[in-house]
Amino acid sequence: MRFENKLLRDIMTRGVVTVPMDATVKQIATMLSKQGLSGVAVISPEGGAMGVISDMDILKVIGKDDWENLPAESIMTSHLETVKPTSTLGEAARIMREKHIHRLLVFSEKGVGASQRPIGILSASDIVREAARE
């Protein structure tokens, strides 16, 4: 199977790390650093995905007044690009290129345990790593 046709469910990172909307930038930066991550999903009090925060989002606010205490909600990217676990790596790569983004949240297929909470995440690095394996 060509790498572009591989399904995201076989490549995505499961167990998406999330933060609440009121988590501070300092808390998120600490979490990213300790866990070796480059991004997290931001969830509402009800558990639904509301946005994504990357290390670049944090970098954009470092040095601003009281940056450490800014809430996740104020720096997150709220326009979510999502995919299904049955989407292909080729589709994911196309979305990332066209939208100039570096990660996609993966949600269940409708009717298969579907919820507002992501079941996985796929980063540009995951796609590059998979391409290198080919």
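The condition of being exposed (fewer than 11 other Cβ atoms within 10 Å of the Cβ), closer than 21 Å to F3 by Cβ and among the acidic types (D, E) holds for E134.
Checked against (1) in contact (Cβ under 8 Å) with a residue 60 or more places away in the chain; (2) aliphatic (A, V, I, L, M); (3) surrounded by fewer than 14 Cβ atoms within 10 Å (Cβ to Cβ), M56 meets all criteria but (1). If you go through the range 63-78 and pick out every residue that is in contact (Cβ under 8 Å) with a residue 24 or more places away in the chain and either surrounded by fewer than 16 Cβ atoms within 10 Å (Cβ to Cβ) or touching a Cys at 6+ places or on another chain (Cβ under 9 Å) (or both), you end up with 3.
When you look at S33, is it at pLDDT below 90 and either within 23 Å of R2 (Cα to Cα) or under 17 Å from the mean Cα position of the chain (by Cα) (or both), yes or no? Criteria not met by S33. Every condition in (1) under 15 Å from the mean Cα position of the chain (by Cα); (2) within 27 Å of K6 (Cβ to Cβ); (3) surrounded by fewer than 17 Cβ atoms within 10 Å (Cβ to Cβ) is met by L105 except one, and the failing one is (3). Taking the range 14-27 as the range and being surrounded by 15 or more Cβ atoms within 10 Å (Cβ to Cβ), at pLDDT 90 or above and within 18 Å of H102 (Cα to Cα) as the test, only T18 passes.
The values are calculated or read from the model by the stated rules, or taken from the named source; none is laboratory data. Predicted model only: the values in this text are computed from it and were never measured. Here Cβ is always computed from backbone atoms with ideal geometry, including for glycine, and neighbour counts include all displayed protein chains.
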